[in-house]
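Asker: Sharing a structure here in structure tokens format.
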Amino acid sequence: MREIEFDEVVKAVRDIIVHCGTDLPQDTYDALNEAMENEKSPVSKEVIRQILENADIAKDEKRPLCQDTGLAVFFVKVGDEVKIKGGLLKDAINKGTEQGYTDAYLRASTCEPFSRANLKDTVGYNLPAIIHFDIVAGDKIDIEYAAKGGGSENVSRAKVFPPAAGKDGIVEYVKEVISDAGGNPCPPITVGVGIGGTFEKAVISSKHALFRDIGSKNEDPEMDELEQRILEEVNKLGIGAMGMGGTKTALAVHIESNPCHIASLPVSVNVQCHSSRHTHITI
């Protein structure tokens with residue numbers, strides 16, 4: 001049984017949050033550059049240029065990429081041969097989250113759902129983190145992290161279709177969600193689509209799909225083809241960068257599919273803004 005010190009996890013989580021707050025991941029930066037080069041609208045092309053300039057300034061001056069520094073979302077794979085020494089893994093991740101957000105001067109965005117009271121002085125600074133755990137074989141801890149802002153989250157949706165809806169129904173549903181969203185999620189966006197499972201499994205899958213690097217291919221050829229089909233249809237909507245009209249509304253569509261009940265076809269669409277702050281580490 002391998003032992004990992006509690007404080008080692010805290011520091012690792014703190015460091016990735018500080019880094020992601022100011023440094024746009026290379027996959028997103030490259031995708032935005034490509035979108036700018038291929039954008040047909042001069043206005044949207046200039047908007048993307050300004051987005052990239054903002055990313056450069058944030059990286060050089062170590063300032064937040066966006067005023068909405070998001071809720072901290074984690075997908076954590078825990079090896080069955082690893083033990084945290086000195087505390088619970090969940091507590092270590094939350095402590096690292098709080099340190100990262102305070103050390104990098106990132107905004108505390110968690111609040112009570114009805115009074116809207118900020119929880120920074122009661123629960124903790126930008127706590128609690130949203131953590132999804134999975135137990136796997138091995139003696140390592142694999143941590144995927146993303147900062148998820150409110151603008152893109154607010155336009156996300158889920159629906160359980162009858163099986164007869166099929167791929168055509170899914171394509172039309174994603175188009176409907178993105179069309180209704182317009183410029184609100186700060187495009188160019190990444191679109192995560194969760195298919196199958198149960199209602200909640202589809203939603204979690206659509207979230208996790210956003211953690212995949214832009215430009216990577218889906219390992220399932222059928223889903224890869226569906227991703228390209230949806231991407232083409234979404235970009236035909238003409239929403240463009242920040243809703244200014246153009247040919248590059250989305251940078252990518254990522255799908256995660258799961259087995260489902262014979263009577264159901266759950267589908268979830270989770271949208272990510274152009275500031276797709278995500279990373280992954282192994283301890």
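The values are calculated or read from the model by the stated rules, or taken from the named source; none is laboratory data. Because the structure is a prediction, the values reported are computed rather than measured. No Cβ is skipped: glycine too gets one built from the backbone with ideal geometry, and neighbour counts run over all protein chains shown.
Asker: I'm checking my understanding of the structure. Among residues of segment 251-267 that are in a strand (DSSP E or B) and more than 17 Å from Asp220 (Cβ to Cβ), which one is nearest to the chain's Cα centre (by Cα)?
Answerer: Here the answer is Leu251.
Asker: Filter segment 213-231 down to residues that are under 18 Å from Val267 (Cβ atoms) and of a type outside the set (Asp, Glu), then give me how many there are.
Answerer: Restricting attention to segment 213-231, the residues satisfying the condition of being under 18 Å from Val267 (Cβ atoms) are 218, 220, 222-231.
Then drop every residue that is not of a type outside the set (Asp, Glu), which leaves 218, 223, 226, 228-231.
Counting residues in segment 213-231 that are under 18 Å from Val267 (Cβ atoms) and of a type outside the set (Asp, Glu) gives 7.
Asker: If I go through segment 69-95 residue by residue, how many of them are part of a loop (DSSP other than H, G, I, E, B) and over 24 Å from Ala209 (Cβ atoms)?
Answerer: Within segment 69-95, residues that are part of a loop (DSSP other than H, G, I, E, B) and over 24 Å from Ala209 (Cβ atoms) number 5.
Asker: Give me the residue from segment 1-38 that is in contact (Cβ under 8 Å) with a residue 40 or more places away in the chain, over 18 Å from Asp103 (Cβ atoms) and of a type in the set (S, T, N, Q) and, out of that set, surrounded by the fewest Cβ atoms within 10 Å (Cβ to Cβ).
Answerer: Applying the filter and picking the extreme gives Asn38.
Conditions tested, residue by residue: (1) in contact (Cβ under 8 Å) with a residue 40 or more places away in the chain; (2) within 17 Å of His280 (Cβ to Cβ); (3) assigned by TED's automatic domain parsing to the domain that holds Val271; (4) under 23 Å from the mean Cα position of the chain (by Cα).
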{"residue": "Asp80", "(1), (2), (3), (4)": "yes, no, no, no"}
{"residue": "Ser115", "(1), (2), (3), (4)": "no, no, no, no"}
{"residue": "Ile143", "(1), (2), (3), (4)": "yes, yes, no, yes"}
{"residue": "Lys159", "(1), (2), (3), (4)": "yes, no, yes, yes"}
{"residue": "Pro162", "(1), (2), (3), (4)": "yes, no, yes, no"}
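Asker: Also: Can you name every residue in segment 1-57 that is outside any helix (DSSP H, G or I) and under 27 Å from Gly246 (Cα atoms)?
Answerer: The answer is Asp23, Leu24, Pro25, Glu39, Lys40, Ser41.
Asker: Residues Glu225, Glu233: which one is at pLDDT 95 or above, surrounded by fewer than 22 Cβ atoms within 10 Å (Cβ to Cβ) and closer than 26 Å to Ile48 by Cα?
Answerer: On inspection, the qualifying residue turns out to be Glu233.
Asker: Only residues that are assigned to a helix (DSSP H, G or I) and under 26 Å from Gly243 (Cα atoms): list them for segment 58-68, please.
Answerer: Step one: filter segment 58-68 for residues assigned to a helix (DSSP H, G or I), giving 58-61.
Within segment 58-68, Ala58, Lys59 qualify.
Asker: What is the residue count in segment 3-61 for residues that are under 17 Å from the mean Cα position of the chain (by Cα) and under 19 Å from Arg107 (Cα atoms)?
Answerer: 10
Asker: Filter the helices (runs of 4 or more DSSP H) completely within segment 140-237 down to those with at least 2 residues that are among the aliphatic types (A, V, I, L, M) and within 30 Å of Ile93 (Cα to Cα).
Answerer: By residue number, 199-209.
Asker: So, one more: Please find, among Gly183, Gly215, Gly243, Gly196, the residue that is small (Gly, Ala, Ser), on the phi > 0 side of the Ramachandran plot and touching a Gly at 6+ places or on another chain (Cβ under 8 Å). Reasoning before the result, please.
Answerer: Values: Gly183 fails: on the phi > 0 side of the Ramachandran plot; Gly215 fails: touching a Gly at 6+ places or on another chain (Cβ under 8 Å); Gly196 fails: touching a Gly at 6+ places or on another chain (Cβ under 8 Å).
Going through Gly183, Gly215, Gly243, Gly196 in turn, just one is small (Gly, Ala, Ser), on the phi > 0 side of the Ramachandran plot and touching a Gly at 6+ places or on another chain (Cβ under 8 Å): Gly243.
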